[in-house]
Amino acid sequence: MPFVTKNPAHYLKALAEESVEALHIGLFFSRSISEQQAIDLIKLAKAIQQSTRSIRCLWLRFKDGDESIRAALQAFGNELVGAASIQSLVIEGKAGTAEIACLVGFFRKNQLRGLQLRRTDIDASSSSVLRPLFFGSDTLNVLDLSQNSKLGDAFVKDLLTSLSEGETSIETLSIGECDIDAADENDEIERISGSSVELIAGYVSRSKSLSSLTLRLLNLDDIGIGELANVLKRKDCNMRRLDLAGNFGNNGIKILAEALKTNQSIKTITLGCHKNLNDVGAQALLRVVDPFSNTTNANKKAEWDDVKKSNHSLQSVYILDRPAVTVSDELVTKLRSISSLQPHETFQTKTWHHIEKNIADISHMGVDNKYVPEVLSFVQKQGELNGLFETIRSSNSLKIFENPSPERARLSDQMDRIQKENAILKRLLKAERERSQSLREENYSVRKTVEMKFGKKCSSWNSCKQLWLEVVDLIKEPVW
């Protein structure tokens, strides 16, 4: 419980100090406020404006109060307008629209990063007062509306409209009702219906900044879980943390598990179920992240497919202890400690577990030959030399020696072209040799004819003979 005081002057000395340490200021308002306290409250606001120290949190806690408190709070709020040192504001307790309205000037001009309205009496009439806070703010990223009793559908609708139209970059959104764990329904609490859950899911799907969502609503049932599951299935989902409590059990968890099969952003989930949740629902969640828990896999090929399809980003699922929850301690422990690694490291761990189980034959993994060096390197890194030798010795292992060397792959096109050119030259050489043989035969026939007609004593014989020898020498020259 944070420290709060009725004495505003308690913080004046600390605000006057030169320090880089952020300061927490907690004020408690109850029954009535004295004139001196009202004066000190204004002094405190002025000191906050003038101080060089940042205010980590301004915490305002309310109990039953009268008009004197609202008047002093109005003066306090007016002095705070434009205060850039306040990082977060918490309003807690019996504070409704009247108390919130005292700070409307501050809401219009501030540098708040976080706003928490906790266990308050804010209702639909508070929407217009809070609306200025969501317009033009480029710093507000945390909005916590936890354990409130009068929010209702009208407030939620106006809130989501203001957040969308104001283009506030909310990163963390919490909406919760009080007493959702109570055994009996409390008629004094204005519940948020399933239709508002649908509106919240629509806002989440449109938001580009939201990464953490907490919904603790009695009417968050299986249908509402289905609406949120549709958001988780989207490829552009940025959600990293999900905290859900409501009227759902095994069926809602199965719907959520189906969405998590394709989600790549969620890291932590907290579940508070008010319907029956047993090992059936918990196993559905575990199978999403642990492919080796699926005992129905017929063969290693099916297991490898499950490894590739499993969720690698989810690190923890916390199942809160509720009367309707009967999940075994073993499953609760496994879900709490799924992984502490980044998604790609988690996938590598699962891959090695599968390879180690089937290291004698990993041909079912369908690894392309060009990736074999990387596979062998991975096996050696994870299982040292023994794993590497087991893979190489495998009778059905990868065809590691069929993969062409990088040099051969680079020169393969050039080698094919040279081989084609050589084939053409061989054909031309063969044709030239056949033509030369034909000429030799014709020349031999001519020589015989001359000898028969004129004989070897022919006066022109010597010149003819010399000419013939030159022709023969020419024919004998090789052709390339």
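Report yes if residue 373 is surrounded by fewer than 16 Cβ atoms within 10 Å (Cβ to Cβ) and out of contact with any helix residue (DSSP H, G or I) (no Cβ under 7 Å at 6 or more places or on another chain), otherwise no. Steps first, answer last, please.
Working: surrounded by fewer than 16 Cβ atoms within 10 Å (Cβ to Cβ): yes; out of contact with any helix residue (DSSP H, G or I) (no Cβ under 7 Å at 6 or more places or on another chain): yes.
Yes, satisfied.
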Margin query: Looking at (1) part of a helix (DSSP H, G or I); (2) crowded, with 17+ Cβ neighbours inside 10 Å; (3) among the hydrophobic types (A, V, I, L, M, F, W, C); (4) at pLDDT 95 or above, which one does residue 130 not meet, given that it meets all the others?
Written below: (4)
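Collect the residues in region 9-55 that are among the aliphatic types (A, V, I, L, M) and in a loop (DSSP other than H, G, I, E, B), keeping them in residue-number order.
Here is the first cut: in region 9-55, the residues among the aliphatic types (A, V, I, L, M) are 9, 12, 14-16, 20, 22-23, 25, 27, 33, 38-39, 41-42, 44-45, 47-48, 55.
Once the filter is applied, which keeps residues that are among the aliphatic types (A, V, I, L, M) and in a loop (DSSP other than H, G, I, E, B), region 9-55 yields 20, 22, 33.
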Next item on the list: Would you mind telling me which numbered condition in (1) open to solvent by less than 40 Å² (accessible area, probe 1.4 Å); (2) at pLDDT 95 or above; (3) in contact with a Gly (Cβ under 9 Å, 6 or more places away or on another chain); (4) among the hydrophobic types (A, V, I, L, M, F, W, C) residue 269 fails?
Entry: (3)
Notebook entry, point to check: Of the residues that sit in region 57-92 and are over 43 Å from the mean Cα position of the chain (by Cα) and of a type in the set (A, V, I, L, M, F, W, C), which one is most open to solvent (accessible area, probe 1.4 Å)?
Noted result: 71
Check: Can you find a residue in region 162-180 that is within 28 Å of the chain's Cα centre (by Cα), buried (at least 16 other Cβ atoms within 10 Å of the Cβ) and assigned to a helix (DSSP H, G or I)?
Finding: yes
Check: If you scan region 188-220, which residues turn out to be in contact with a Ser or Thr (Cβ under 6 Å, 6 or more places away or on another chain) and open to solvent by 30 Å² or more (accessible area, probe 1.4 Å)?
Finding: 209, 219
Note to self: Which condition from (1) assigned to a loop (DSSP other than H, G, I, E, B); (2) open to solvent by less than 50 Å² (accessible area, probe 1.4 Å) is the one that residue 236 breaks?
What the structure shows: (2)
Notebook entry, point to check: Among the numbered criteria (1) in contact (Cβ under 8 Å) with a residue 60 or more places away in the chain; (2) assigned to a helix (DSSP H, G or I); (3) closer than 18 Å to residue 335 by Cβ, which single criterion is violated by residue 301?
Noted result: (3)
Next item on the list: Read through the list (1) surrounded by fewer than 16 Cβ atoms within 10 Å (Cβ to Cβ); (2) in a helix (DSSP H, G or I), then give the number of the only condition that residue 318 fails.
Entry: (2)
Check: So residue 243 clears everything in (1) at pLDDT 95 or above; (2) charged (D, E, K, R); (3) in a helix (DSSP H, G or I) except one condition, right? Which one?
Finding: (3)
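Residue by residue, here is whether (1) in contact with a strand residue (DSSP E or B) (Cβ under 6 Å, 6 or more places away or on another chain); (2) of a type in the set (A, V, I, L, M, F, W, C); (3) open to solvent by 30 Å² or more (accessible area, probe 1.4 Å); (4) under 21 Å from residue 91 (Cβ atoms) holds:
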residue: 6; (1), (2), (3), (4): yes, no, yes, yes
residue: 11; (1), (2), (3), (4): yes, no, no, yes
residue: 16; (1), (2), (3), (4): no, yes, yes, no
residue: 19; (1), (2), (3), (4): no, no, yes, no
residue: 35; (1), (2), (3), (4): no, no, yes, no
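The values are calculated or read from the model by the stated rules, or taken from the named source; none is laboratory data. Note that the structure is predicted; figures quoted are calculated from it, not measured. Note that we place each Cβ from the backbone using ideal geometry, even for glycine, and neighbour counts take in every protein chain shown. Side chains are part of the model used for accessible areas, which takes the heavy atoms of the whole protein and leaves out ligands, DNA and RNA. Shrake-Rupley method; radii C 1.70, N 1.55, O 1.52, S 1.80 Å.
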